[in-house]
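What follows is a short report on a single structure.
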Amino acid sequence: MNQLSSETFGENAKAALGDAQLRGALRNATTLFGKKRREAAASLSNWEELRSQARAIKDEVLLHLDRYLETFVTNAETRGAKVHWARDAAEANAIITRLAVERGARNVVKSKSMTTEEIHLNAALERAGMQVVETDLGEYIIQLADETPSHIIAPAIHKTKRQVAELFTTELGMAPTDDVDQLTSTARSTLRERFATADVGISGVNFGIVETGTIVIVENEGNIRLTTSLPRTHIAVMGIEKLLPRFADLDVFLKLLPRSGTGQALSTYQSFITGTKRNASDEGPEELHVILLDNGRSRMLAHPVTRQSLACIRCGACLNACPVYQQIGGHAYGSVYPGPIGSVITPQLIGIQKAAQLPFASSLCGACREVCPVKIDIPQLLLHLRSEITDKQPGGRGKERLAFKLWAAIMTRPKLYEKTVIAGRLFQRWFKPPVKAWTNGRDLRPIEAESFREHWRRTR
Amino acid sequence: MNTGDARAEIMRSIRAHLATSAPHDTTNTNHDASLPLPVQSPSPTAELSVVELFKQNLEAVDGHCIIVNSETELEETVKRLTEGKKIASPDEPRSDLFKSDVGVTGAQAGIAETGTVVLDSSVDRNRLVSLVPPVHIAILDASRIYTTLGETLAALQSGDEVSPAITFITGPSRTADIELTLAIGVHGPQELYVIINQNT
């Protein structure tokens, strides 16, 4: 797979900025999503109250995550689910692969799940000889193209219909067309065959309800319903932070999630799955396995600032609002989670050294904070991570401290400031200040031949 | 690797990390008491009846809504919509189900503020019939329509119990994954008819 690395973020971003087609697609998508989100939020008179409430509920869960997890597991298992715990990606993949192998599975259908992207589940299952097919239309397109998602809720946002048509012609033998309905119905009929023969269905989870042991999954296409209804075995992969205490809390979150993500009042389908079927004659899978994934999440609980990262409900609103994402798209981040939320989650998940550029990929304008349905203070998180990264640099923040001390000394002494300006004016022909990163993309204006104060003294 | 170990280790990690930042209590088990109750959104039914509101919201998401006033009218409507079509049955083999044209189910509840039908699979074998055929017809008693999402959630829950499989359906299956162009009927039904029976 041709995946970019977050370690080369600067180069990735530069390449993305040169891609006119990508930038056009991003402009259309982020503008439309942003507009629909604003309208949907405005349709509820208590939007701000709902956001505060959602955050209070998430904070409560996170502060007592151990107890809520224990109760959730008891309630889910009492109703027939089997819960598995995975410390990291490798352990989660090993459990899921074992479950599939033990059931003699050959064909696996998957619905879109950022968590399974995070653990690179498909590669693990394919190594074990399984045929894995992504069934969300956008995910299916990028699976055929051997790419990764570029947006949390619209994974193939970077592709044109022409590119999709070419892909379907090569991979599926479809007659060339650029009619979106025809492309969609080709995907429908091709994937129907896979659904009909699938042994195992794998999904993500949007919310886990503690008091009832229910998992809730939200979608528009119906592929999640097929994935969780047709195969004998359903495996649901969820991060340990996905819990809500009460069934009634869904009243808050089912209002916020679709409005923030796509601008819908409610997504087309919500599946509420509580354990396994109770009677043999009931429809649906025989088995439900829930994989609880840590993979670095419990570490984020250690500090009130980083703990906020776990309140995220993966709506994608911060991506659409971010002036950086709007220009470079998701792939440039080189991480599974892109955009503002990706810039704060990725360094915490994969290690600060491997994603050290991401927290700096922001102007701290705060647009992400304004749209976040759970009021995550992303700029605060970015600053927190920046300071951690700077501390870890050779020499720590010594250089930075010295530079700011010097700056402060000059700026607070008018006489010294004037002398510095005069010196700068004299030497600027020979001496270029070490600000290459700035001057690469912009001009550094020369110091004016006469300052205002000098002009005032001369002419008054 | 042993799953028991993983569980213990994740729990230890959660407790250890929380302890560094928060006054982490180990005794209080009644956390719900400290949790704010969900805010009820203002009820949107100032002028419209719940049935009219339901219809308006369903039609806004490309669903069809037909209101009938008698059992006869209901039967005639279903007959008209399914005439000459292969109707799906939950008991037929999957290969036949995949070839059917239309699925007819009841609906256990409706949500007026979103135009949503609620299917409870413990009451009716509606899970595949409502999903696999290209057309889904849901029959909803007007008396089962709630105004808000919050009221509906409350009605679905009885103590700590909810039905094993509940599905909310709001309009036909849709996607905008290719160039943000709306396409109807990607995996689920292309057409959704909700027949509201007012004779209850």
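Given the DSSP H assignment, sum -39500 (n - 2.57) over each helix run of at least 4 residues in chain B and divide by its residue total; what's the result at 222 nm in deg cm²/dmol, nearest 500?
Using -39500 (n - 2.57) per qualifying helix, the result is -7500 deg cm²/dmol.
I'd like the Karplus ³J(HN,Hα) series for the stretch A:451-456: coefficients 6.51, -1.76, 1.60, θ = phi - 60°, whole numbers in Hz, and an x wherever there's a Gly or Pro.
Going residue by residue, I get 7, 4, 5, 5, 4, 4 Hz, with x marking Gly and Pro.
Rounded to two decimal places and with Rh computed the Kirkwood way over Cα pairs, what is Rg over Rh for the stretch B:90-149?
Computed over Cα atoms, the ratio is 1.03.
Fewest to most neighbouring Cβ within 10 Å: what's the order for B:Val61, A:Val305, A:Val205?
Listing B:Val61, A:Val305, A:Val205 from fewest to most nearby Cβ atoms yields A:Val305, B:Val61, A:Val205.
With each run of n ≥ 4 DSSP H residues scored as -39500 (n - 2.57), what mean residue ellipticity at 222 nm is computed for chain A after dividing by its residue count and rounding to the nearest 500 deg cm²/dmol?
Estimated from H runs of four or more residues: -15000 deg cm²/dmol.
Can you tell me what share of the DSSP beta bridges in the protein assembly as shown is antiparallel? A percent to the nearest 5 is fine.
35
Provide a whole-number value for the mean count of partner chain Cβ atoms within 10 Å of the Cβ atoms in peptide A:276-284.
Mean partner shielding for this stretch: 4.
Does the stretch A:4-47 come out rounded, prolate or oblate, given a ≥ b ≥ c as the square roots of the eigenvalues of its C-alpha gyration tensor, rounded meaning a/c under 1.5 and, failing that, prolate meaning a/b above b/c?
Here the stretch A:4-47 falls in the oblate category.
For chain B, give the share of DSSP beta bridges that are antiparallel, in percent and rounded to the nearest 5; count only bridges with both residues there.
The antiparallel fraction comes to roughly 35 percent.
Return the unpartnered cysteines for the protein assembly as shown, using a Cβ-Cβ cut-off of under 4.7 Å.
A:Cys312, A:Cys315, A:Cys322, A:Cys365, A:Cys372, B:Cys65
Can you tell me what percent of all Cα-Cα pairs in the stretch A:406-459 are more than 16 Å apart?
In whole percent, the long-distance tail amounts to 55.
Lys/Arg Cβ at +1, Asp/Glu Cβ at -1, dipole of the stretch A:46-298 taken about the Cα centre: which of A:Gly263, A:Thr228, A:Ala280 is farthest positive-ward?
A:Ala280
Report, in cubic angstrom per residue, the convex hull volume of the C-alpha atoms of the stretch B:46-197.
It is 135 Å³ per residue.
Compute the long axis of helix A:414-427 from its Cα atoms, compare it with the longest principal axis of the Cα atoms of chain A, and write down the angle in degrees, 0 to 90, nearest 10.
In chain A, helix A:414-427 runs at an angle near 90 degrees to the longest axis.
So if R0 is 51 Å, what FRET efficiency would B:Asp96 and B:Ser21 give, r being the distance between their Cβ atoms, rounded to the nearest 0.05?
After rounding, the FRET efficiency stands at 0.30.
Under a point spin-label approximation (7 Å from Cα along Cα-to-Cβ), what is the A:Ala449-A:Ser189 distance to one decimal in nm?
Reported label-point gap for A:Ala449 and A:Ser189 is 7.7 nm.
Per the Debye formula with a single identical scatterer at each Cα and no solvent contribution, what log10 I(q)/I(0) holds for the protein assembly as shown at q = 0.06, 0.08 Å⁻¹?
Debye intensities relative to I(0), on a log10 scale: -0.37, -0.62.
DSSP loop chymotrypsin sites (Phe, Trp or Tyr not before Pro) in the stretch A:414-460 with at most 14 other Cβ atoms within 10 Å of their Cβ, which ones?
Of the chymotrypsin sites (Phe, Trp or Tyr not before Pro), the ones in loops of the stretch A:414-460 whose Cβ has at most 14 other Cβ atoms within 10 Å are A:Trp430, A:Phe431.
Just counting partner chain Cβ atoms within 10 Å, what average do the residues of peptide A:218-231 show around their Cβ?
Per-residue shielding by partner chains comes out at 6.
So, with +1 on the Cβ of K and R and -1 on the Cβ of D and E, and no other charges, what is the size of the charge dipole of the protein assembly as shown about its Cα centre, to the nearest 20 debye?
Its charge dipole is roughly 3960 debye.
Using the beta-carbon distance between A:Gln393 and B:Ala155 and R0 = 45 Å, what value does 1/(1 + (r/R0)^6) give for FRET efficiency, to the nearest 0.05?
For R0 = 45 Å, the calculated efficiency reads 0.20.
For helix A:20-42, report the angle its Cα long axis makes with the longest principal axis of the Cα atoms of chain A; keep it between 0 and 90° and round to the nearest 10°.
80
Expressed in nm to one decimal, what extension gain is obtained for the pair B:Ala60 and B:Glu47 from 0.36 nm per residue of sequence separation less their Cα-Cα distance?
2.9 nm
Give me the percent relative contact order of chain B, please, defined on Cα pairs under 8 angstrom at least 6 residues apart.
After rounding, I find 24 percent.
Hey, what angle do you get for helix A:47-63 against the long axis of chain A, alpha-carbon based, 0 to 90 degrees rounded to 10?
Long axis of A:47-63 versus the principal axis of chain A: about 80 degrees.
Looking only at other chains, what is the average number of their beta-carbon atoms within 10 angstrom of each beta-carbon in A:242-255?
Average per residue, whole number: 5.
Just to be sure I understand the curve: with the Debye formula and one point per C-alpha of the stretch A:26-161, what is log10 I(q)/I(0) at q = 0.10, 0.11, 0.19 Å⁻¹?
The Debye formula, applied to the Cα set alone, gives -0.55, -0.66, -1.16.
If you place +1 on the Cβ of every Lys and Arg, -1 on the Cβ of every Asp and Glu, and leave all else neutral, what size is the dipole of chain B about its Cα centre, to the nearest 20 Debye?
480
The numbers here are math on the coordinates, done by the rules we state, and not lab data. Note that the structure is predicted; figures quoted are calculated from it, not measured. Heads up, the Cβs are rebuilt from the backbone with ideal geometry, glycines too, and the neighbour counts pull from every protein chain shown.
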